[in-house]
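The values are calculated or read from the model by the stated rules, or taken from the named source; none is laboratory data. Since we're looking at a predicted model, the values are computed, not measured. Heads up, the Cβs are rebuilt from the backbone with ideal geometry, glycines too, and the neighbour counts pull from every protein chain shown. Quick note on the areas: whole protein, heavy atoms, side chains included, nothing else; ligands and nucleic acids left out. Shrake-Rupley method; radii C 1.70, N 1.55, O 1.52, S 1.80 Å.
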Amino acid sequence: MLIDRALDEITKKNRVVVGFDLGKEYSQISYCRQNQSMPDTVSLVMGEEQYNIPTLLCRRNDAEGEAAWLIGREALKAAEQGQGVLVKDLLQLVKNNSSVRVGTGLASGGEVSAEYLLEIFVKKALAVLYAYIVSDDIAAVAFTMKDIDTAIMEKLRKVSSHIGQRKMEVYFLSYEDCFFQYIIHQPQEMWIHDVLLYDYRQDGMRSYLLSMNRKTNPVACFIDTAEHPQVKIPDLSDRNETAKGAFFKQLDSTLLEIVRKNCDQRVITSVFLLGDSFSKDWCRESLKYMCRGRRVFQGNNLFSKGACYGARERAFPSTLSASYVFLSEDKLRANIGMTCDRGQTEVYYPILDAGTNWYEAQHTFDVMLAKNNAITLNITPVDGRKTRVARISLEGLKVRGNKTNRVELRFYMEDANAVQIEITDKGFGEFFPSTGQVWKECLPLEAIT
């Protein structure tokens, strides 16, 4: 018995959660164990910080005619040497449900589906991780993307079911979610007040401003985002040094104006700069301003680490999950539950929790109707407003009063605007067969927030 318990504890400690930042240009993978203080990010070269895996594939044919799939820099190199067809814009291909011609020797005549390509890329990328961990130790993977897309999410769920021998949980987090998770897992002196994040990509810059309402319980956290396409570095190869200097000076001025507006009338504790394009060589004045009374950090793997923290909070919740909740347009801003009889006492049964992404909000369970043909829901907003009650009447259902009326309740969401409720009469065995009746209700989010 003691040996079994010890082995169980060792197994739990060895369980790994993974944060997978699936990007348009490049992807990153971070991982951590249950009791690890900070996630590690997979580097393509041991001992170096080469975190970016280009989101590219190539099907290479060798001298013997055997085919092999390559990803990242290896895929780009093989394509440049004429050894195969380069597949890029993978996420767009998946969104469009497209097929791609990648060469001969395939039963499909050289064409493969974008879903198959996505599966190859995810498996090959995770294989890089297996140099650090055992694949069967993975308890959960949290995928994150700049813009959450339901079509890609559905494909990733299918792909993930084919990975590894052991069942693992799959979660999805927005970049805002990852930012929130990353910050609350840092020392509190870094987020006493608001926190700024600037993410600089090829298509421009996006800002994230995190603020908290510490008067609520749990603490309600909000993130305002904004696009800044004007902060973009074009191809400057045809310009002389004088022209380049003038351009970067103007770019620094543009960035400084954005930072000033973000900091105006606010107390900012920390600023995070993501992306290799940020450089002391050109954003000198902006950096000077940012560093006045604020801590400034630069890197490029915050989102994959944030996804990792988020996966761990889902798989192995800590006190942070109960103390802080991130609320966005994609999330429920109220707890939905019901009061049920348990013998001689009444207990609260949670159904959907505040802070849940609408695309992950679902719950199915059975209840026994004891008194009447109505379902009563308790709706408690997290902004401190009073709990209200929603009553759903099951018209046409006769309640017998002897606890032989069993119904199934299914809660789910089809978009960010409303909770869908489907109630099905399941009868009570052979004594009282199901009538087959189904009731459907729509609970608009505007009514519960």
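Structure above, values below:
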read-out: For the chain: span of alpha carbons on each principal axis (Å, largest first); value: 86, 65, 51
read-out: Structure-based [θ]222 nm, the chain - -39500 (n - 2.57) summed over DSSP H runs of at least 4, per residue, nearest 500; value: -8000 deg cm²/dmol
read-out: Accessible surface, per residue, of the stretch 293-343 when the full set of protein chains is kept, probe 1.4 Å, Å²; value: 42
read-out: Kirkwood Rh (inverse of mean 1/r, distinct Cα pairs), the stretch 65-161, angstrom; value: 14.9
read-out: Karplus-derived 3J(HN,Hα), 6.51/-1.76/1.60, for each residue of the stretch 353-369, Hz, glycine and proline x; value: 9, 4, x, 7, 5, 4, 6, 10, 7, 7, 7, 10, 7, 10, 9, 9, 8
read-out: Distant alpha-carbon pairs in the stretch 175-219 (separation over 12 angstrom), percent; value: 67
read-out: Mean accessible surface per residue for the stretch 238-284, computed with a 1.4 Å probe while every protein chain stays in place, in Å²; value: 60
read-out: Low-density loop cleavage sites - trypsin sites (Lys or Arg not before Pro) in the stretch 93-186, where at most 14 other Cβ are within 10 Å (DSSP); value: ARG166, LYS167
read-out: Apportionment of accessible area to carbon and sulfur, the stretch 179-292, percent (1.4 Å); value: 46
read-out: Local electrostatic count at PRO381 - Lys and Arg +1, Asp and Glu -1, tallied over other residues with Cβ under 9 Å; value: +3
read-out: Built amide H within the under 5 Å cut-off of VAL296, gap 5+; value: VAL271
read-out: Cα-only Debye scattering, the stretch 288-446: base-10 log of I(q)/I(0) at q = 0.11, 0.12, 0.19 Å⁻¹; value: -0.58, -0.67, -1.25
read-out: Karplus 3J(HN,Hα) series, Hz, for the stretch 283-290 with 6.51 cos²θ - 1.76 cosθ + 1.60 (x for Gly, Pro); value: 9, 5, 5, 5, 5, 4, 5, 4
read-out: Charge dipole (the stretch 206-318, unit charges on Cβ, about Cα centre) - positive-most of TYR208, VAL219, ILE268; value: VAL219
read-out: Segment VAL128-GLU430, length gained on full extension (0.36 nm per residue, minus Cα span); value: 103.2 nm
